[in-house]
1. Consider only pairs whose beta carbons are under 7 Å apart and that are at least six residues apart or on different chains; among these, list those whose first residue lies in segment 82-104 and is closer than 14 Å to Gln57 by Cα and whose second residue is modelled with pLDDT of 95 or more and open to solvent by 100 Å² or more (accessible area, probe 1.4 Å).
2. It is to be established whether one or more residues within segment 139-148 are farther than 22 Å from Ala44 by Cβ, touching an Asp or Glu at 6+ places or on another chain (Cβ under 8 Å) and either buried (at least 19 other Cβ atoms within 10 Å of the Cβ) or free of Cβ contacts under 8 Å to residues at least 60 places away in the same chain (or both).
3. Among strands (runs of 3 or more DSSP E) lying entirely in segment 202-279, which contain 3 or more residues that are open to solvent by 60 Å² or more (accessible area, probe 1.4 Å)?
4. Being without any contact (Cβ under 8 Å) to a residue 24 or more places away in the chain and open to solvent by 60 Å² or more (accessible area, probe 1.4 Å) is the filter here; which residues of segment 162-184 pass it?
5. Residues of segment 238-275 being out of contact with any Pro (no Cβ under 9 Å at 6 or more places or on another chain), among the acidic types (Asp, Glu) and in contact (Cβ under 8 Å) with a residue 12 or more places away in the chain, which ones?
6. Can Glu278 be described as without any contact (Cβ under 8 Å) to a residue 24 or more places away in the chain and charged (D, E, K, R)?
7. Within segment 132-162, take every residue that is more than 20 Å from Pro207 (Cα to Cα) and among the aromatic types (Phe, Trp, Tyr) and give me the one that is modelled with the lowest pLDDT.
8. Sort through His307, His312 and tell me the only one that's part of a strand (DSSP E or B) and either in contact with a Gly (Cβ under 7 Å, 6 or more places away or on another chain) or at pLDDT below 85 (or both).
Amino acid sequence: MAELLDTLGTVEDRRPSEILRGLFMPSSDTQYLRLQPLGPPGTAPLLDVVPALIGLQELMLSAATSALSLQPQSVQPPVRPSQARNFVGGVRLGQTQVGSYIIAVQTALPQPEPQQLSIFDTPSTNPAEPFERKVSRTLYAGILCARDAAEHALKTNDLSYFERFAPTGLSANLCEALVKIGGKEGQSFDLQFNWSPDYPIGLETHPLTFRRRSLEALADGAKDLRARLGERDVRVRGTVVRLHREASEGPGEVTISGYTLGDEYQRNRRYRMLLAAEPYSEANRAHEQGHEVQVLGDVEMSGNRAHIRSVHQFQVVDVD
């Protein structure tokens, strides 16, 4: 058995202990995050590990949201689908490993359903892909494209590749999560994917490395995506603080002071929007009577200013 493990380790370029651990674990996809902090080997400063774990959580949430979308968005809404949140709730951390400081993230996969075949059927070598595997694939594709877009931006000073890769799962949220893993100092890290053999992936996936300059490019790419594409189908709640229109009737400009629903920090900012005559009158009523309003639309950022384009819904929320 020891010789067999040594041979497999040589062929797969993995430690025999890692292979042995996989034999006793349930079927799962595993991502290995290798941090490269300063200090004694096998240790990491607490202030480096905490943001890395938060970044990993946001990375998983971004991938799950993209996997659920028929058309992945460059800027994901603050309120994520319940299935995406439930998926992240099921992701687990494995034991740390030797080699600088390695964090193992495990996504459990359901056992493949046994095939019911007649004597005339040909068995399938690829079982139906579960949602958990789709998230892992979307995560790898998004991170791979983020790395390539960052390298292209560093060479050409052009951020257009970030938007071009959006259909593959690349988003401003994913880029920001990768930046967060690097911490305030932007320390280098590697991500390696290990796929469950129960669902063959069919291609070789190499480790993905991010350095300080790449993380800076990712931060710039995320800002560019948010500035040009904004967030779609966002719900904003707040109070009307300014109304303006040229005539006594017709459309007008409204500014509300409020926050995005689903934002756990409830960060307050001012949102400007152009409203048709009827919703403008409703905004005027809310302003006079001290009620709040709720708006559904697409948010675009211009510097520190937020604009709500394509207002889909405007309603007054009576405050007692």
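The values are calculated or read from the model by the stated rules, or taken from the named source; none is laboratory data. Just so it is clear, the model here is predicted, and its values are computed rather than measured. Here the Cβ positions follow ideal geometry from the backbone for every residue, glycine too, while neighbour counts run over all protein chains shown. Please note that ligands, DNA and RNA were not included when accessible areas were found on the heavy atoms of the full protein model with its side chains. Shrake-Rupley method; radii C 1.70, N 1.55, O 1.52, S 1.80 Å.
1. Within 7 Å, the pairs are Val88/Gln57.
2. The answer is no, given that none of the residues of segment 139-148 is farther than 22 Å from Ala44 by Cβ, touching an Asp or Glu at 6+ places or on another chain (Cβ under 8 Å) and either buried (at least 19 other Cβ atoms within 10 Å of the Cβ) or free of Cβ contacts under 8 Å to residues at least 60 places away in the same chain (or both).
3. In segment 202-279, the matching strands (runs of 3 or more DSSP E) lie at 231-244, 269-275.
4. Within segment 162-184, Arg164 is the sole residue that qualifies.
5. Listed by number, the residues that qualify are Glu249, Glu253.
6. Against the criterion (without any contact (Cβ under 8 Å) to a residue 24 or more places away in the chain and charged (D, E, K, R)), Glu278 qualifies.
7. Among them, the one singled out is Tyr161.
8. His312
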